[in-house]
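For reference, the structure discussed in these notes is given below.
The values are calculated or read from the model by the stated rules, or taken from the named source; none is laboratory data. The shown structure was predicted, so the numbers you read here are calculated from the model rather than taken from an experiment. Don't worry about glycine lacking a Cβ; one is built from the backbone with ideal geometry, like all the others, and counts go over all protein chains shown.
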């Protein structure tokens, strides 16, 4: 392996830009509408606005708001606009973060530190969350030693409220729920949970990272959604990603608290460092000004009319995609329509979802495979309007191909995802995934070919087993899944 070094002499700018553009040739064709997640484009004009806004504040650093007063003003106004959209009280406060994960990490950290101050007898803090809550809560639990108590969901994908209430104990420092949850796009029963949280005087975080900038407009368009924001008295904080349906540049989320009494536990302050007194409102030290400025520009440029228009178009696309999926023999939607999400699964034993996903990937589509139950997720944008018909055409063809070729279930990524979704020992899955990640980030690491994992000496034992005994392994796991009562379904 030859290690790359900084060049001895600088290279021409045009040459560098051309080379970087060439690197993108292997990326998914999002401009051609081949992706149903990750990106939230609007138009070339809007993209140019974001580029200019970021460039204008490229060298600004939000670490010191006294040095960059303009940046602090932009952040404050973004928070105020978001709090207003979320029906927050006049004294609602918050900060911008680098994304939904940081917003969630801070919500958990703040609840933990608040409990340390107000309930010092809690030595083993816990949070009560639905099984479908975003995985960032699991990351927060790992980082901040707050044990997650996961609560089962009902058949409709929403958390079971009686089970949630039962899971709350003397060590509970936070309750959280989704609006909507990402896998299936349904909103948890926020009013019922809020009433419980308020009665027990426990902070309640509404994770609206995915839908915070879409649900307000869907409500105006007549979609039936129970109250989910600060209209619910028990909600004490909400996270919403402006780089999703807020159509801002990547690296921008907002965490809003009902009052400063909650926000103050988010701050990190050190007074003994020889470098001086250090205070930071978020996890990051240096805070790039570009995403903050671009978020402000996006919200100002869109306006309520712009957001409502894009939400209306996205809703139309969602309905068209959902109806098209349900018209395909062998497929059905996973949950009711409460957001711009379409998640589909198989209702035919001869049609393996992951094998269908492989066929879509071969046709150039980016595919979000999910588990419990096995399904495929589509985040719908207005931008996807032209993609619906070709997607449905390819999807129907993929289903028929899989039905005619049942052996595809035990090949390629279908086999890997199918096995990982059903294997009863999660430690084996973790070890195998860790080996894949280690390979990606090794000195000569590249994006893995998941269809070939399990063939190398460094792959995890489960992946090696799958590569050698794929057919037998999948048959055995199918039988085991049946004996367990289909527990690989939603938990």
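A few points about this structure:
- Residue 88 on the phi > 0 side of the Ramachandran plot, in contact (Cβ under 8 Å) with a residue 12 or more places away in the chain and either crowded, with 21+ Cβ neighbours inside 10 Å or in contact with a helix residue (DSSP H, G or I) (Cβ under 8 Å, 6 or more places away or on another chain) (or both): no
- Hits in region 64-76 (condition: more than 25 Å from the chain's Cα centre (by Cα) and surrounded by fewer than 19 Cβ atoms within 10 Å (Cβ to Cβ)): 64, 65, 66, 67, 69, 70, 72, 73
- Enumeration of residues in region 40-62 that are buried (at least 17 other Cβ atoms within 10 Å of the Cβ) and more than 24 Å from the chain's Cα centre (by Cα): 49, 53, 57, 60, 62
- Residue list for region 328-353, filter: more than 19 Å from residue 406 (Cα to Cα) and touching a residue at least 60 places away in the same chain (Cβ under 8 Å): 334, 335, 336, 337, 338, 339, 340, 341, 342, 343
- Among the strands (runs of 3 or more DSSP E) confined to region 110-220, the ones with at least 3 residues that are under 30 Å from residue 306 (Cβ atoms) and touching a helix residue (DSSP H, G or I) at 6+ places or on another chain (Cβ under 7 Å) are located at 204-207.
- Inclusion of residue 247 among residues that are touching a helix residue (DSSP H, G or I) at 6+ places or on another chain (Cβ under 7 Å), surrounded by fewer than 24 Cβ atoms within 10 Å (Cβ to Cβ) and not in a strand (DSSP E or B) is not warranted.
- Condition broken by residue 167, with the remaining ones in (1) more than 22 Å from residue 257 (Cβ to Cβ); (2) under 24 Å from the mean Cα position of the chain (by Cα); (3) surrounded by 18 or more Cβ atoms within 10 Å (Cβ to Cβ) satisfied: (2)
- Scoring residue 337 on the criteria (1) assigned to a helix (DSSP H, G or I); (2) within 15 Å of residue 215 (Cα to Cα) leaves a single failure, condition (1).
- Test: residue in region 265-275 that is over 22 Å from residue 116 (Cβ atoms) and either crowded, with 17+ Cβ neighbours inside 10 Å or at pLDDT below 95 (or both): yes
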